[in-house]
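Enquirer: Provided herewith is a single structure, encoded as structure tokens, for subsequent inquiry.
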Amino acid sequence: MSGEADMTESRLDSKTALITGAASGIGRESAALFARHGAAVVLVDREGDAVSAVAAELVEQGHRAIAVTADVSSDADAARMIEEAETAFGSLHVLFNNAGIMHPDDGDAQQTSEEVWDLTMSVNLKGVWLGCRHGIPALRRAGGGSVINTGSFVALLGAATPQIAYTASKGGVVAMSRELAVIHARENIRVNALCPGPLHTELLMSVLDTDEKRERRRVHIPMGRFGEPSEIAQAALWLASDESSFTTGTEFVVDGGITSAYVTPEGPPR
Ligand code: NAD
């Protein structure tokens, strides 16, 4: 858990934030960053031991944190995670629907099995819907708040390595977030889709599992490197805070320039 900018003020003081997929990657970095900025954090993950360990570490550092073991694709689990957040900390102000999977057998339209398609949609798209289904009423009870749904750059441009179910699920997240933003705009509830570029996380590196595959993706990033989860956490912090009070319905892209690029195999001119 690293990469925090040198901030002195607490940008999420008196807020409670629930973060799914908090045992690893973007979710873990965001939970730690939000906590350092004064939020009480509810860390949700299907990996119970791992998420409990992250929450315990935050508590040890003097932060307010609880862990909830839940599968975001289960309606009952999604209801319970929101309930536990309100029970522990009184109200919920930030809902970060971030948990997601990238299945190794997700390929093109012929290669991808129905099972892989259904599982991917269930976690990546239905999971975000269920988080919103149960979380938005909680934000309303709190007088408003910020919903951040993790999309991806692949919702915005076609990637050379096909992952058809993943891409379709992220397109759904972006479209759904936009519509939710419009629906809830007058309730002081903002909804944004955070769209990271390729990151140096377990999720992507386990799929790009050879130097050749990583290189094939890396050459398309104008900055010439993969992003770090801590860099996405910084963007999530801004979207979670009141600093982004006029920002809703966006495709909030944090991607090292990949969606702005044509093909940049040689890298941009120096
Ligand atoms: P990660 O694999 O490091 O973390 C994902 C976490 O989600 C894990 O802790 C996992 O246990 C949890 N999770 C998975 N399924 C779950 C479920 N059904 N219920 C509860 N928890 C579940 O991945 P990451 O890179 O931090 O990804 C976070 C989000 O960012 C995902 O939605 C991913 O699609 C998205 N994203 C990642 C990249 C990238 O390059 N890594 C790029 C764009 C978008």
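The values are calculated or read from the model by the stated rules, or taken from the named source; none is laboratory data. As the structure is a prediction and not an experimental result, all values here were calculated from the model. Don't worry about glycine lacking a Cβ; one is built from the backbone with ideal geometry, like all the others, and counts go over all protein chains shown. Protein only, heavy atoms only, side chains kept; ligands, DNA and RNA dropped before computing areas. Shrake-Rupley method; radii C 1.70, N 1.55, O 1.52, S 1.80 Å.
Enquirer: Could you please tell me the mean projected area of the C-alpha convex hull for the chain, averaged over all directions and given in square nanometres to one decimal? Don't skip to the end; give the middle numbers.
Expert: On the way: hull surface 57.6 nm².
That works out to 14.4 nm².
Enquirer: Sticking with this one: Taking θ as phi - 60°, what are the ³J(HN,Hα) couplings along the range 192-209 by the Karplus curve (6.51, -1.76, 1.60), each to the nearest whole Hz, with x for Gly and Pro?
Expert: Calculated HN-Hα couplings, in order: 10, 9, 8, 10, x, x, x, 10, 7, 10, 3, 4, 7, 5, 6, 8, 8, 9 Hz.
Enquirer: Residue by residue through the range 180-186, which ³J(HN,Hα) values in whole Hz follow from phi under the Karplus form 6.51 cos²θ - 1.76 cosθ + 1.60 (θ = phi - 60°), with glycine and proline marked x?
Expert: Residue by residue, the range 180-186 yields 4, 4, 5, 4, 9, 4, 8 Hz.
Enquirer: Amide H neighbours of A67 under 5 Å, at least 5 residues apart or on other chains, H built in the peptide plane: list them.
Expert: Residues meeting the criterion, in which the H sits 1.01 Å from N, are L43.
Enquirer: By per-residue mean of other Cβ atoms within 10 Å, what is the highest-first order of 173-179, 214-220, 204-210?
Expert: On the way: 173-179: 19.0, 214-220: 16.1, 204-210: 13.9.
Ranked by mean Cβ neighbours within 10 Å, highest first: 173-179, 214-220, 204-210.
Enquirer: Using protein chains only and a probe of 1.4 angstrom, how many square angstrom of E84 are accessible, to the nearest 10?
Expert: Accessible area of E84: about 60 Å².
Enquirer: Sequence-distant or interchain residues sharing an amide H contact under 5 Å with K15, placed H: which?
Expert: A40
Enquirer: List the extent of the Cα atoms of the range 26-158 along each of their three principal axes, largest first, rounded to whole Å.
Expert: 50, 30, 29
Enquirer: Residue-wise, which Karplus ³J(HN,Hα) couplings in Hz belong to the range 15-26, taking 6.51 cos²θ - 1.76 cosθ + 1.60, θ = phi - 60°, and x for glycine or proline?
Expert: Once θ is set to phi - 60°, the couplings for the range 15-26 become 10, 10, 10, 9, 10, 8, x, 8, 7, 7, x, 4 Hz.
Enquirer: What percent do you get for the relative contact order of the chain when only Cα pairs under 8 Å and 6+ apart count? Could you put the intermediate results ahead of the total?
Expert: On the way: 547 pairs, mean separation 49.4, N = 270.
Reported relative contact order: 18 percent.
Enquirer: Considering only the other residues whose Cβ falls under 10 Å of the Cβ of L18, what net charge follows from Lys and Arg at +1 and Asp and Glu at -1? Walk me through the intermediate numbers first.
Expert: Numbers: positive: none; negative: E84, E86.
Net local charge, L18 excluded: -2.
Enquirer: Within the range 1-151, what percent of beta bridges assigned by DSSP are antiparallel, to the nearest 5?
Expert: Values: 0 of 17 bridges.
Percentage antiparallel, nearest 5: 0.
Enquirer: Pull up all non-local amide H partners of L199: gap of 5 or more, or a different chain, and H-to-H distance under 5 Å with H placed in the peptide plane.
Expert: G227
Enquirer: Here is a further query. Under unit Cβ charges (Lys, Arg +1; Asp, Glu -1), what dipole magnitude, rounded to 20 debye, does the chain have relative to its Cα centre? Display every interim value, and only then the final one.
Expert: Working: 22 positive and 36 negative charges, 158 e Å.
Using only the charged Cβ atoms, the result is roughly 760 debye.
Enquirer: A further question on this structure: Using the scaling law 2.2 N^0.38 Å as the reference, what is the normalised Cα Rg of the range 140-231?
Expert: 1.29
Enquirer: Taking one equal scatterer on every alpha-carbon of the range 113-270, how large is log10 of I(q)/I(0) by Debye at q = 0.13 1/Å?
Expert: -0.65
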